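Have a look at the structure below, then the notes.
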Amino acid sequence: MPEDSWATRHDWTRDEATQIYRQPFTDLLLQAQTVHRENFEPNRVQVSRLLSVKTGGCPEDCGYCSQSARNGATLSASKLMEVERVLTEARRARDAGATRYCMGAAWREPKDRDLPALVAMIQGVRALGMETCMTLGMLSDHQVHELKQAGLDYYNHNIDTSEGFYPQVVSTRSFADRLQTLARVREAGIKVCSGGILGLGEAAGDRVDMLLALANLPVHPESVPINMLIPMPGTPLEAAAPIDPLDFVRTTALARILMPQSYVRLSAGRTAMSDEMQALCFMAGANSIFMGDTLLTAANPAEDRDRQLFDRLGIRPEGLQEAAE
């Protein structure tokens, strides 16, 4: 690929992206690593922590999710967590090296009565010196405004997969609904965190299309999570075939090339990844992870394992000051 294709763009074509994705593997990694080094410190990784502040009972039917009340999973619903408990967990995360604290609630959309507690969580985490992120489902205009006024830094709202494959995974919310929420968040001045899930049964072209939908937004998401499906018992996708590890690395590399200044995060599924696979993902431009034993309702590698891997690879976590810059 010519060097000028490495610049930040919002007009990628499907043919261009497919050509990048399908090129010889070592050429793809070289291109992705070159783009990464032009935009980031190559051996620094941003560390986030994710906490489920309200679990289960979601009315959506996302086929991968154990928190859905509609798809056969048996996870019971909980109430919104108390603010002080959230802040206690946030302090522990900060002391363990996390620079961003992400809070997720299993809702289609939050109710207005929950906003005061959410605002208090945001303000409390920011007072600890950490970046804040929330994932709460769809938002109304006034809810976005209140979250922005509280100081929310990032809003996570994944598009999951391509627009074409999306109806095979979710029927209670449209792909357009996802994009509308992202636009509303962006217009309010909150940074966007949005990515997808690999291993849902999608084709390679769906992975390309999913990333194109994000890369051709007027502004790239500042954070792009790349999740590997964790098949959860009781969900429609519990028997889904795992994605080929090299295809996962290819998708990570494509995300880095199409969105050169975004953080590309290895998110769910790292418990099923070998150290070698994660190393290839870092080489492909991934530069963010979730640390901690649990991601919402799924397992995550133990912190000691992550630190050992970082030591072996010569990677250092970003500090709080670096992440804020």
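Between residue 216 and residue 82, the FRET efficiency estimated from the beta carbon spacing at R0 = 41 angstrom works out to 0.50.
Both radii come from the Cα set of region 214-280: Rg as radius of gyration, Rh as Kirkwood radius; their ratio Rg/Rh reads 1.02. For region 116-246, the equivalent ellipsoid derived from the alpha-carbon gyration tensor has semi-axes of 28, 16, 14 Å in decreasing order. What translational diffusion coefficient, in µm²/s and rounded to a whole number, does the Stokes-Einstein relation yield for the chain at 20 °C and a viscosity of 1.002 mPa s, taking the hydrodynamic radius as the Kirkwood radius over Cα pairs? It comes out at roughly 109 µm²/s.
Any read-out appearing in this document is the output of simple, stated calculations on the displayed coordinates, not a laboratory observation. Keep in mind the model is a prediction, meaning the values are calculated, not measured. Please note: Cβ atoms are built from the backbone with ideal geometry, for glycine as well, and neighbour counts cover all protein chains shown.
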